[in-house]
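Comments concern the structure below.
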Number of protein chains: 2
Amino acid sequence: MVEERITRSSPLRSTLADLPGLPGCITPPRPAPPLAYITSTPPPEPTGNTISVNGFIRSVRKQKKHAFASIGDGSTLSPLQALLSPEQAEGLSTGIAVNIQGRHVACPPGKEQASELHALAVEILGDNDATNYPIQKKYQTTEFLRTLPHLRTRLPFNSLLLRLRSQVIAQLTTFFASRDFVQTHPPIITSNDCEGAGEVFTVTSSAGQAAPSDPDGEEAQQHFFRNPKYLTVSSQLHLEALAQSVGKVWTLSPTFRADRSHTPRHLSEFYMLEAELAFTSDVDSLMDVVEDMLKDLARGLVSSRTGKELLQARSSDWIQNEELGVLSAADLQARWDGLLASEWPRMKYTIAIAKLKEAVEIDGASFDVAPIFSSGLHAQHEHYLAKTFGNGGPVFVTDYPQELKAFYMPPSAEQEAVADGPTVACFDLLVPDVCELVGGSVREHRTSELLKAMEKHEQLNDVVRDGKGKDAVEDASLQWYVDLRRYGSVPHGGFGLGFDRLLLYLSGVTNIREVVTFPRWPGRCDC
Amino acid sequence: MVEERITRSSPLRSTLADLPGLPGCITPPRPAPPLAYITSTPPPEPTGNTISVNGFIRSVRKQKKHAFASIGDGSTLSPLQALLSPEQAEGLSTGIAVNIQGRHVACPPGKEQASELHALAVEILGDNDATNYPIQKKYQTTEFLRTLPHLRTRLPFNSLLLRLRSQVIAQLTTFFASRDFVQTHPPIITSNDCEGAGEVFTVTSSAGQAAPSDPDGEEAQQHFFRNPKYLTVSSQLHLEALAQSVGKVWTLSPTFRADRSHTPRHLSEFYMLEAELAFTSDVDSLMDVVEDMLKDLARGLVSSRTGKELLQARSSDWIQNEELGVLSAADLQARWDGLLASEWPRMKYTIAIAKLKEAVEIDGASFDVAPIFSSGLHAQHEHYLAKTFGNGGPVFVTDYPQELKAFYMPPSAEQEAVADGPTVACFDLLVPDVCELVGGSVREHRTSELLKAMEKHEQLNDVVRDGKGKDAVEDASLQWYVDLRRYGSVPHGGFGLGFDRLLLYLSGVTNIREVVTFPRWPGRCDC
């Protein structure tokens, strides 16, 4: 139904900002503001002035004399309730986009909403095939909604997750700028696989396609970039080069792993926040940055509308995605409180293993995998450490065994006389449920030590790219990384944070496939 | 040379911030601040207090009684001059990283620098193989420096370009946040090639490698994602979905084109700034956002230290990269002034063609390609329009011929009765030298019209992905895009801006391979 007297070319418009002094104001060229300004709590004083809103019908209830429509536009969790005449409500159903001009009035105390919109005119802005519309008011599983990544973000909670991502990006940008970090764009297509962190994706082009049957010779000329290239698994090595140029750098970049992993914490494509600091030689100062950064984010979240809505969503009956709300509002608040706790414990790996053994032997705790120095920490161990020693908040574990970590990590500052083996100057940040959130280390900055470590690393690994074995150390693909040590090297270190995993933790969602709009995992790459 | 009395574990430290009240202060645990705080103009009052700086030797001049070292750390274009004893200068050469403790003192008027550092202790932080160090004080071509992407960012001007990128990203983040745009992360690995904008890169994995000899059947199971996937050539389609969820969205994402293009304005991997606005049906409001955004950036740049240094770099004899400074300081200032000019001309395509024809016929201008309605605007035309009608600043050209543009662009609001053919509601932003900087349009939001356009588009194009011809319209890969119209579609539009090209324009550099740290183009993907 289109109200003839209102045309899109000269819409009747007014914004909340204009309300106080200008009764019934008409301000033609300004677009309708987001509903967030109208439905915010406490609401601005609705003076009954004429306003214009754009949004989608979340639900509509038609009675004899009136119709009630819930309008949402993704800017707020709460809908705006509109009171319509039966004629105005004609043709309206869930999912339809509308423009409504009306009087914004306060509701009497006791009503669910503080204000509502008494429609003067309703315009349908686009058609909706209501019969086939896959998003229904009834409960739909998150698994089903994942088949509709292009539509599910219209659900109030999914819109909220989009806004959370945006808010966290903006806050990180401000945080790092205030600390003289330079934000950079390291490359996505690269020549190396960093730390052998996982399977890589290969990049080819029909404009210079590799001939898989021809492993050398002509193949080189058929590659778009002369030789095979991959999607980056980490920007760390490139950031090390940039840190030597401008001191402190960071990036928030897409990262790729072709592992056949189907856990709720892994994706094939994800965003990594990575930072690298020159003139830094101890893990403590790296952990300080991580702790300050996450506390800054938590403070911002707690005091923001987004934070309030994340709590509100867990007690709202209009939130359909029940699986998103497994964590109660109190539990989520406790998570944020854990981030804000005055000081996060920092514990050496050897101590962590000892504590885990104690837990088994004295407290009768049971783990699927026994805690052993050479086996590393498994998810159960990490969860236990965060729960027990972090008081439900984060715990840093430092100085892991050398043989479990990447080649570029130097020996720990204080080598303990442990028979188990040498440790390296690194740390992981563990949180309950999500487990490893951040990993970082000092980087070996001495040329000879780095070359030794690279050689040893290749020997330790059975699988070496392209079957080149030890020669890979001499491979030109990492020669540039060695150059960074040859020429004016300085002590430096950095860390990487799984950004989507952080959003998982901050939002209390249980599966990473919900916090990423178009998630990719083995066998699935919709849209 | 390492001063024995200074150890890294308890360094003598002081920061400029501590200077005023605390003579000779020693504040152990704080890191040395960036040199920018010390060499900034006007400099803070150097009171002769002890400070600690970290940096690299840019040059060192050794005399009998004294040595002078220029120290840089990438935070500032100007070096800090340090006065050393011959003993302190022992072992120092270009490229070496040092920590210097010393007294920061004002220089007498007339000296080149306002202040200098009288060293008390010098510590070498890492070795440098000076003999083989490829970055030399003498002039080196940009072409040569491109072979050293991991080292060239240490040059003062290249560091400045890194800081420019960081500053512009931060400012964009603030700009869009202040206008209620939600920053998003659309996917990098996608199923479609958007508008057929260029050749795509294909993504494969040895964990599920395609067998090119087997075009169907078993192939499907061998793909990591079930069927072939590509690197994104534009996030627009995905942003359209998100705009319908939260109103206004933007992203700054890596984008890929496998074209065999070798121009100074094209790369195989580049960053695109894309925005999409729901509830928007005219190109003017889209152009308003573009104009406001770029003016905001220009204002920020002009008033920033980065802006001042971009001008300063053009008259500084310590800037080696001569080719970077082709544009004079006055020319660069004129560019920024052009961006800040009160109103940018908006000109219809038909008018632009008429003006170009006039230029040929009346003013005797000569173009390699004649201006004809059906041929589009070539770089020479775009440059002429920007120079002539934009007064050296930007010009919007709107309403291009339908047959030259992508399928999703709807007819122009006012179809002129031109015999030449129909036009669409779109715009390009043209600037001198760099030519097309932004492209945008309203998007066809009516299902039936979109389907018609998709069919027509496929017919017009000889080359259709996978040889599927017309059937590609029905291809499931774009079914989700059609869904956006079926279900609650609204008028919307958006734009895309080549981010690296913008940095090219703002910095006055002539080749895009200099503003991107690790540039990728056909045959080249170093590091």
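Within segment A:94-111, restricting attention to residues that are buried (at least 17 other Cβ atoms within 10 Å of the Cβ) and in a loop (DSSP other than H, G, I, E, B), which residue is farthest from the other protein chains (Cβ to nearest Cβ)?
Residues of segment A:94-111 that are buried (at least 17 other Cβ atoms within 10 Å of the Cβ), as a first pass: A:94-104.
Filter again for in a loop (DSSP other than H, G, I, E, B), leaving A:94-96.
Numbers: A:T94: 9, A:G95: 4, A:I96: 6 Å.
Applying the filter and picking the extreme gives A:T94.
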Name the pairs whose Cβ atoms lie under 7 Å apart, with the first residue in segment B:337-360 and under 15 Å from B:L377 (Cβ atoms), the second among the acidic types (D, E), and 6 or more positions between them or separate chains?
-> B:K348/B:D399; B:Y349/B:D399; B:T350/B:E416
Would you be able to tell me the number of residues in segment B:126-146 that are over 28 Å from A:T280 (Cβ atoms) and surrounded by 15 or more Cβ atoms within 10 Å (Cβ to Cβ)?
-> 3
Does A:L301 qualify as being surrounded by 24 or more Cβ atoms within 10 Å (Cβ to Cβ) and either more than 10 Å from chain B (Cβ to nearest Cβ) or in contact (Cβ under 8 Å) with a residue 40 or more places away in the chain (or both)?
-> no
Output the number of the condition that A:L377 fails; it satisfies all remaining conditions of (1) under 30 Å from A:L155 (Cβ atoms); (2) part of a loop (DSSP other than H, G, I, E, B); (3) of a type outside the set (G, A, S).
-> (1)
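Return yes when A:Q171 is surrounded by fewer than 22 Cβ atoms within 10 Å (Cβ to Cβ) and within 17 Å of the chain's Cα centre (by Cα) and no when it is not. Break it down into steps so the answer makes sense when it comes.
Details: surrounded by fewer than 22 Cβ atoms within 10 Å (Cβ to Cβ): yes; within 17 Å of the chain's Cα centre (by Cα): yes.
In short, yes.
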Consider A:E269 carefully, then state whether it is among the charged types (D, E, K, R) and modelled with pLDDT of 95 or more.
-> yes
Select from segment A:496-521 the residues that are at pLDDT 95 or above and part of a loop (DSSP other than H, G, I, E, B) and write down the one among them that is farthest from A:S261 (Cα to Cα).
-> A:T517
Qualifying helices (runs of 4 or more DSSP H) (wholly inside segment B:121-182; at least 2 residues being over 20 Å from B:T517 (Cβ atoms) and either facing chain A (nearest Cβ under 8 Å) or touching a Ser or Thr at 6+ places or on another chain (Cβ under 8 Å) (or both)) | B:156-178
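Do we find that B:S261 is touching a residue at least 24 places away in the same chain (Cβ under 8 Å) and either closer than 15 Å to B:L273 by Cβ or facing chain A (nearest Cβ under 9 Å) (or both) in this structure? It would help to see each step written out before you state the result.
Numbers: touching a residue at least 24 places away in the same chain (Cβ under 8 Å): yes; either closer than 15 Å to B:L273 by Cβ or facing chain A (nearest Cβ under 9 Å) (or both): no.
No, not satisfied.
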Give the number of residues within segment B:280-295 that are crowded, with 17+ Cβ neighbours inside 10 Å and acidic (D, E).
-> 1
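Kindly indicate whether B:Q113 is in the same structural domain as B:A67 (by the TED database) and at pLDDT below 90. Show your work before the answer.
Working: in the same structural domain as B:A67 (by the TED database): yes; at pLDDT below 90: yes.
Judged against the criteria, B:Q113 is a match.
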Hey, among A:F495, A:F499, which residue is on the phi < 0 side of the Ramachandran plot, crowded, with 24+ Cβ neighbours inside 10 Å and either within 10 Å of another protein chain (Cβ to nearest Cβ) or of a type in the set (D, E, K, R) (or both)?
-> A:F499
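Restricting to segment B:31-90, what's the tally of residues that are in a loop (DSSP other than H, G, I, E, B) and either within 14 Å of chain A (Cβ to nearest Cβ) or modelled with pLDDT under 90 (or both)? Talk me through it step by step, then tell me what you get.
Restricting attention to segment B:31-90, the residues satisfying the condition of being in a loop (DSSP other than H, G, I, E, B) are B:31-35, B:40-46, B:63-66, B:73-79, B:85-90.
Now narrow it down to the ones that are either within 14 Å of chain A (Cβ to nearest Cβ) or modelled with pLDDT under 90 (or both): B:31-35, B:40-46, B:73-78.
Qualifying residue count, segment B:31-90: 18.
If you go through segment A:392-441, how many residues are part of a loop (DSSP other than H, G, I, E, B) and under 30 Å from A:D337 (Cβ atoms)?
Initially, segment A:392-441 is screened for residues part of a loop (DSSP other than H, G, I, E, B), giving A:392-394, A:399-400, A:405-410, A:412-422, A:425, A:432-434.
Still in the list and also under 30 Å from A:D337 (Cβ atoms): A:392-394, A:399-400, A:432-434.
Count: 8.
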Filter segment B:238-258 for residues that are at the interface with another protein chain (Cβ under 7 Å from one of its Cβ atoms) and among the polar types (S, T, N, Q); the one that is surrounded by the fewest Cβ atoms within 10 Å (Cβ to Cβ) is B:S245
Expected output for segment A:475-495 (first residue part of a loop (DSSP other than H, G, I, E, B), partner of a type in the set (S, T, Y), Cβ below 8 Å, 6+ apart or cross-chain) is A:G488/B:Y133; A:S489/A:T447; A:P491/A:T280; A:P491/A:S281
Criterion violated by B:P186 - all others in (1) more than 8 Å from every other protein chain (Cβ to nearest Cβ); (2) in a loop (DSSP other than H, G, I, E, B); (3) modelled with pLDDT of 95 or more satisfied = (1)
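The values are calculated or read from the model by the stated rules, or taken from the named source; none is laboratory data. These numbers come from a predicted model, not from an experiment. All Cβ positions, glycine included, derive from the backbone under ideal geometry; neighbour counts span all protein chains shown.
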